[in-house]
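Read through the structure below, which is laid out as structure tokens, and then see the notes.
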Amino acid sequence: MLSLSSRGFVNAVGGEAEAGLPRAVEAGLACLGLAVASPVLLMAAGLVAATSPGPVLFKQQRVGLNGRPFTLLKLRTMKVAPEGSQLTASGDARITPVGRRLRRFKLDEIPQLWNVVRGDMSLVGPRPEVPRYVNDSPLWRRVLSVRPGLTDPVTLRLRDEEALLASVEDAESFYRERLLPWKLRGYADYLDRRSWATDLGVLGATALAVLRLRRTALPEIEE
């Protein structure tokens, strides 16, 4: 398990090695996104508050740039309950009816634009993981050498990751042993060829996917 407070880990990773959109551009786009999405965000937050007891926002510690922890924000889509599995498969009984709709159209992710404004995240980059799945392997060091993001090519391919997890008998083992390594290899591959132009392409593809104008096939279990 990675020690999040380890100075040695941060030094070993080195400085930020991002080659995508400039930080100022991302912050500006995130502010614009929050302004444009504010009516939808307020409506969704009202539905969450009205239909399920508990806080509107879901806050969870994730691992960010150079292994530093940060608090990721989402609209809450699940019932408030004692700590359970950190993996969510389709059909999970913890997901509320409103939450299921929000997750389908990725509306629960809108608050993460504030994470981008704060500098915790980028618009494009590897999705941030919870600490329990992170270690100090060379592949993880590569992935954590950049800010995590809202979207990336791997995330686009796994838009229906919950369905994939629901299709296996032991989701936890499958995730640790097969899906997470597959993700990490995909993240590293993208980082090796990343540029501001490829980031813009990923943002455009994400917008089309959210609007259901483009569908992506889930990877096969064998992959």
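Working only within the range 82-113, note down all residues that are farther than 22 Å from LEU42 by Cβ and not hydroxyl-bearing (Ser, Thr, Tyr).
Passing the criteria: PRO82, GLU83, GLY84, GLN86, LEU87, ALA89, GLY91, ASP92, ALA93, ARG94.
Any residue at all in the range 76-87 that is crowded, with 19+ Cβ neighbours inside 10 Å and farther than 21 Å from LEU179 by Cβ?
The answer is yes, given that some residue of the range 76-87 is crowded, with 19+ Cβ neighbours inside 10 Å and farther than 21 Å from LEU179 by Cβ.
Kindly provide the set of residues from the range 54-87 that are more than 19 Å from LEU34 (Cα to Cα), over 13 Å from the mean Cα position of the chain (by Cα) and among the β-branched types (Val, Ile, Thr), ordered by number.
Matches in the range 54-87: THR77, VAL80.
Among ALA37, ALA44, ALA49, which is the only one that is assigned to a helix (DSSP H, G or I), of a type outside the set (Val, Ile, Thr), surrounded by 14 or more Cβ atoms within 10 Å (Cβ to Cβ) and free of Cβ contacts under 8 Å to residues at least 24 places away in the same chain?
ALA49
TYR187 versus (1) among the hydroxyl-bearing types (Ser, Thr, Tyr); (2) modelled with pLDDT under 95; (3) out of contact with any Leu (no Cβ under 7 Å at 6 or more places or on another chain); (4) buried (at least 19 other Cβ atoms within 10 Å of the Cβ): which is the lone unmet condition?
(2)
Restricting the search to the range 101-131, which residues are basic (Lys, Arg) and modelled with pLDDT of 95 or more? Write out each step before concluding.
We begin by selecting, within the range 101-131, every residue basic (Lys, Arg); these are 101, 103-104, 106, 118, 127.
Correct list: ARG118, ARG127.
Among the residues of the range 145-189, how many are under 24 Å from TRP114 (Cβ atoms), of a type in the set (Ser, Thr, Tyr) and assigned to a helix (DSSP H, G or I)?
So the count comes out to 2.
Here is a list of conditions, (1) in contact with a helix residue (DSSP H, G or I) (Cβ under 9 Å, 6 or more places away or on another chain); (2) part of a helix (DSSP H, G or I), and ARG132 meets all of them except one; can you say which number that is?
(1)
Filter the range 148-177 for residues that are surrounded by 15 or more Cβ atoms within 10 Å (Cβ to Cβ) and basic (Lys, Arg); which is farthest from LYS106 (Cα to Cα)?
ARG157
For ASP170, only one of the following conditions fails: (1) closer than 19 Å to SER90 by Cβ; (2) touching a residue at least 12 places away in the same chain (Cβ under 8 Å); (3) out of contact with any helix residue (DSSP H, G or I) (no Cβ under 7 Å at 6 or more places or on another chain). What is its number?
Tallying (1) closer than 19 Å to SER90 by Cβ; (2) touching a residue at least 12 places away in the same chain (Cβ under 8 Å); (3) out of contact with any helix residue (DSSP H, G or I) (no Cβ under 7 Å at 6 or more places or on another chain), ASP170 fails exactly one: (2).
If a residue has to be under 10 Å from the mean Cα position of the chain (by Cα) and of a type in the set (Phe, Trp, Tyr) to count, how many in the range 109-131 make the cut?
0
The values are calculated or read from the model by the stated rules, or taken from the named source; none is laboratory data. For clarity, every value in this text was computed on a predicted model and none was experimentally measured. Positions of Cβ are generated from backbone atoms using ideal geometry, with glycine treated the same way; all protein chains shown enter the neighbour counts.
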